[in-house]
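The values are calculated or read from the model by the stated rules, or taken from the named source; none is laboratory data. Just so it is clear, the structure is predicted and the values come from calculations on it, not from any experiment. Cβ coordinates were reconstructed from backbone atoms using ideal geometry, including for glycine residues, and neighbour counts include every protein chain displayed. For the accessible areas, the whole protein counts, side chains as well, though only heavy atoms, and no ligand, DNA or RNA atoms are used. Shrake-Rupley method; radii C 1.70, N 1.55, O 1.52, S 1.80 Å.
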Amino acid sequence: MTAPPGFRLPPAAQVAWLIANPRGFYEAGRRRFGPVFQVRFPGLPPEVCVATADLAEHVFATDSGAGRAGDIRRNFVGPLVGEESLLCLDREPWWRHRKLISPPLHGRAVARWKETIAEIAAEEVATWPTGRPFALRPRMERITLEVIMRVVFGITDAERLRSLRGLLPRLVELGGSAALLRLPPKVRDRATTSPLLLKAGALPTTRYVRVRDAVDAILYDEIARRRANPDPSAMDVLSQLVAARDDTGAPLTDQELRDELMTLLQAGHETTATALAWTFERLVRSPRALATLRDELADGGEGPYLGAVVKEALRARPIVLGAPRTLDEPISIGGYAIPAGWYVSAAIPLILSDPDVYPDPEEFRPERFLGEDAARANKAWIPFGGGRRYCAGAQLAMLELRTVLTEVLRGVSLAPVQARPERPILKNVTLAPSRSAQVLSRPRGALGGTGRGIMALSDR
Ligand code: HEM
C-alpha cells in the first residue's frame, strides 16, 4: 500500500492557495486525486484529507485508538485557551473534562435558555438600521457574545457585562489575529511572558496579554464568587462546572475552569455568529425557502422546516474546514497507508458537498433534510465534526441558530444588497462570508413576501 497522492506544489504555495480560495483548494484536491489525498503546510506533517462520509467514519474511529485531536489544536489555539482546555487535551485528561462539561451543554439543559436567547436577539434586531445596507456578521457576533456572557459565564452584574462587552471582542480579535497565531511558538511564548517585551504597548502580543489579563481577573473573580456562594438551582454553565465532581470526587481547579470558559468563548462565539450570518446570506437569496419558512413561523412557530433550513445552511456553507487527528500509529484508509505522525482529517466542506449524497450541492434546498432522503442526508451531515471529539456545544449552537432565525424573521424583512453570492473566505478559524453578509432590513411586511423588489433596485 502507498501513501495517498497530493499536490507537488511546495507547502508555502499550498498554504497561499488555501488562503486565497479555501474551498477551491480542497475541491481541486478532490477533482484531481479522488476522495483521499494529501496536502502540505509549512512546518507541519503531511495531512491526509478524506472527502466522503464513509471515509470520515474511519477518521472519527481513530478517536478510540491512534488519533489525537488535541495535539494539533494545541499548536494553534493552546496559548489562547490554555493548556487545560478541552480543545487541547487528549486521552484520559480530555475524557475527564469532557464528562464534566457535557451535562451543562446537553440539549435539555440548554433548552432552558431559549427565552433569554430570544430576548437577546430581539433587543439586537431593534437596533438595526432601516433601508440602508449593513453587515449582519458583526451583529450576530454581538448576539452570540451576549449568549456566552450570560448563559455560559452566568454574569448578571450590569457593570461587569458592560466591561466584558468591550473586552471580549478585542480579546477574540487580538488572540485570533495572524500577528499572534503565525508567530513561531517559542517567539510567541517569549513575547507574551518577557517583562521587558510586555512594556512595549504597541506590540500586538502585549496588547493581547493586557486584554487577556483584564478578562482573566473578571473570570477568576466569578469563579471565586461561585465557590463562596454555591447556588444549586443556577442554570449557567460556570455554576454547574464549579459544582461538578469527577470520578474521584475532585472538582475542576480554578485554572481548569478559567481555561474551559475561554474555550467555550473561543469555540462558541465566532463559529455560531458566522453560521448565523451564512444562514441569512443563503436565505435572502433563496426566496422560495424564505417564503416557506415565513409561512411555517406564521402558522405558530418552530416546525420541521426551521430545523431543515438550519441544517441546510450549515451544509451549504460549513464554518470549519476540517476535523484533523494526529496519528500515533499507522492506519489504512481507502486503500492507502498513512504513517504514524501524519495528520488525517475529515474535509468537512467536501463531505457536505458530495453530489452522491447531496445532488446539486450548490443549490440551497432544505427539503433534503425532510421526507425520504432525510436519513441519508443526515448521516453524512458533519458540520460539527464527529467521533468522540464531536462539537461539545452543538446543541447550544443549534438552539441559537433556530431561536435567532425565528426572532429576526418575526421582527424584520431582509433582502440581499447584491444578488451575487458572497464568497467563503478564511477569517480567524472560520470560513466566513466575504462581505460579512450584507443585507437591507425593513420592518416586517414592508418588503412584501420575498424582498425581490429591493434586490432588483439595488442590482441596477
Ligand atoms: C455553528 C456553530 C459551531 C460549529 C460549526 C462548530 C464546529 C465544531 C467542530 C467541527 C469541532 C471539532 C469536532 C471534531 O474534531 O470532530 C468542534 C469542537 C468543539 N466545539 Fe464547536 N462548533 C460550533 C459551536 C460551538 C459552541 C456554541 C460551543 C460552546 C459554547 C462549542 C464548543 C466546542 C468545543 C468545546 C469543542 C471541542 C470538543 C472536544 O474536543 O472534545 N462549539 N466544534
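Some observations on this one:
- The distance from the alpha carbon centre of region 104-137 to that of region 312-341 is 33 Å, rounded to a whole number.
- Applying the Karplus relation 6.51 cos²θ - 1.76 cosθ + 1.60 with θ = phi - 60° to region 403-413 yields 3J(HN,Hα) values of 6, 5, 4, 4, 5, 5, 5, 6, x, 9, 9 Hz, where x marks Gly and Pro.
- Distance between the modelled labels on Ala12 and Arg388, one decimal in nanometres: 4.0 nm (7 Å Cα→Cβ projection).
- Based on C-alpha pairs under 8 angstrom that are at least 6 apart in sequence, the chain has a relative contact order of 25 percent.
- Shape category assigned to region 1-110 from the gyration tensor of Cα positions, a/c cut at 1.5: prolate
- Database remark: amide H of Ile425 closer than 5 angstrom to the amide H of Ala432, Ser434 (H placed geometrically; neighbours at sequence offset of 5 or more, or on other chains; Pro and chain starts carry no H).
- Estimated FRET transfer efficiency (Arg32, Val187; beta-carbon r; R0 35 Å; 0.05): 0.45
- Only helical runs count toward this figure. For the chain, summing -39,500 (n - 2.57) over DSSP H runs of n ≥ 4 and dividing by all residues gives -16000 deg cm²/dmol at 222 nm.
- If you look at the Cα atoms of region 229-276, you get an Rg and a Dmax of 13.1, 40 Å.
- Accessible solvent surface per residue of region 41-123, calculated while the other protein chains remain in place, 1.4 angstrom probe, Å²: 43 Å²
- Among the trypsin sites (Lys or Arg not before Pro) in region 1-89, those located in a DSSP loop and surrounded by at most 16 other Cβ atoms within 10 Å of their own Cβ are Arg8.
- Rounded to the nearest whole Hz, the Karplus-based 3J(HN,Hα) values (6.51 cos²θ - 1.76 cosθ + 1.60, θ = phi - 60°) of region 227-241 follow the sequence 5, 6, 10, x, 10, x, 8, 5, 9, 5, 5, 4, 4, 5, 5, with x at glycine and proline.
- Share of carbon and sulfur in the accessible area of the chain stands at 55%, probe radius 1.4 Å.
- Mean Cα-pair separation over length for region 1-140, i.e. relative contact order, pairs under 8 Å, 6 or more apart, %: 13 percent
- Where both bridge residues fall in the chain, DSSP classifies roughly 85% of the beta bridges as antiparallel.
- Of the trypsin sites (Lys or Arg not before Pro) in region 152-250, the ones in a loop by DSSP (not H, G, I, E or B) with at most 16 other beta carbons within 10 Å are Arg182, Arg245.
- Sparse-neighbour loop sites [chymotrypsin sites (Phe, Trp or Tyr not before Pro); region 332-406; at most 14 other C-beta within 10 Å; DSSP]: Tyr390
- Other-chain or far-sequence residues with amide H under 5 Å of Gly6's (modelled H): Gln38
- Placed amide H near Gln438: partners under 5 Å, 5+ positions off or other chain: Leu136
- Taking a ≥ b ≥ c as the square roots of the eigenvalues of the alpha carbon gyration tensor, the chain is rounded, as a/c is under 1.5.
- Charge sum, other residues only, whose C-beta stays under 14 Å from Leu297's C-beta, Lys/Arg counted +1 and Asp/Glu -1: -1
- Debye log10 I(q)/I(0) for region 183-244, one point scatterer per Cα, at q = 0.22, 0.24, 0.25, 0.28 Å⁻¹: -0.80, -0.89, -0.94, -1.10
- Rg and Dmax [Cα atoms of region 313-389; Å; Rg one decimal, Dmax integer]: 14.5, 43
- Radius 12 Å from Cβ of Arg227, net charge of other residues (Lys, Arg +1; Asp, Glu -1): -2
- Sites Arg112 and Arg376 - FRET efficiency at Förster radius 41 Å, r taken between beta-carbons, to 0.05: 0.80
- Alpha-carbon centroids, region 202-246 and region 14-54: separation in whole Å: 38 Å
- The heavy atoms of Ser286 offer some 20 square angstrom of accessible surface to a 1.4 angstrom probe.
- Segment Ala20-Thr253, extension gain: residue separation times 0.36 nm, minus the distance between their alpha carbons: 79.7 nm
- Extension gain, Arg288-Thr130: 0.36 nm per intervening residue step, less the Cα-Cα distance, totals 54.5 nm.
- Test item: Cα-centred dipole of the chain, Lys/Arg +1 and Asp/Glu -1 on Cβ, debye: 1340 debye
- Modelled FRET efficiency - R0 41 Å, Leu197 with Leu161, Cβ distances, 0.05 increments: 0.80
- Net charge of Cβ neighbours under 11 Å - reference Arg170; Lys, Arg +1; Asp, Glu -1: +3
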